[in-house]
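For reference, the structure is listed below as structure tokens.
Each value in this text was obtained by applying a stated rule to the coordinates, not by laboratory testing. None of these values were measured; they are calculated from a predicted model. Using ideal geometry, Cβ is built from the backbone for each residue, glycine included, and neighbour counts are taken over all protein chains shown.
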Amino acid sequence: MNRNHGLKLELRSAWALMVVAVGCVLVMSCASSDTGITTSVKSKLATDEAVKASQIEVTTDHGIVTLTGNVDSEKAKARALELARNTEGTVKVIDMIAARTATGGGDAPEPARTAGETFDDAGITMSVKGRLLDDPDVKGLAIDVDTRDGVVFLTGSVGTDAERQKAIRLAKDSKGVRDVQANLTLHKS
């Protein structure tokens, strides 16, 4: 009976070792997969104090990480790019991030804004988004619109360069728009 008990313990130990080894292999393979890289980058962005992860979209294709979005400062943009570059498995980082520098501030503090200015920006955003959604040539649901001090930031993907140009033109032709910063990527259908 003692011998059987010893054999059972050896089998359990071997089984436990095999489970741990398989787990390690899975973790390592996931870490270097596109999904694993994307998850790692998103986790780093979410835990970093300088970056607002909700402002950045992360995609990975064959180890090439693309960061897209509109962030509040050049400092936040630089930090997001640094975090992505330092993520294991990242081959290259494509920067599609626009820093909101409409006030010319870079990292300077943003001037105080009145309620009217904030409301105007919200109105411009709604107007531009409505025009994009109403136009049959533009897929407005795929384009995020954000406005800061009359500068419209377009982020998302379009099917053709003609669609990109039309989205920019629709935004520029909207009342109250001072400038348009387009961060629109072409996707392949």
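Quick rundown of the values:
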item	result
Cα-based reach from LYS77 at 19 Å (exclusive), listing lysines while leaving out same-chain residues under 8 positions away	LYS42, LYS44, LYS52, LYS92
For ALA98, residues with placed amide H under 5 Å, excluding near neighbours	GLY69, ASN70, VAL71
Largest-first principal axis extents of the Cα set of the range 115-186 (Å)	37, 20, 17
Two-site FRET efficiency, HIS62 against ASN86, from Cβ-Cβ distance with R₀ of 22 Å, rounded to 0.05	0.75
Stretch gain in nm, segment ASP134-SER54, where the contour uses 0.36 nm per residue and the Cα spacing is subtracted	26.1 nm
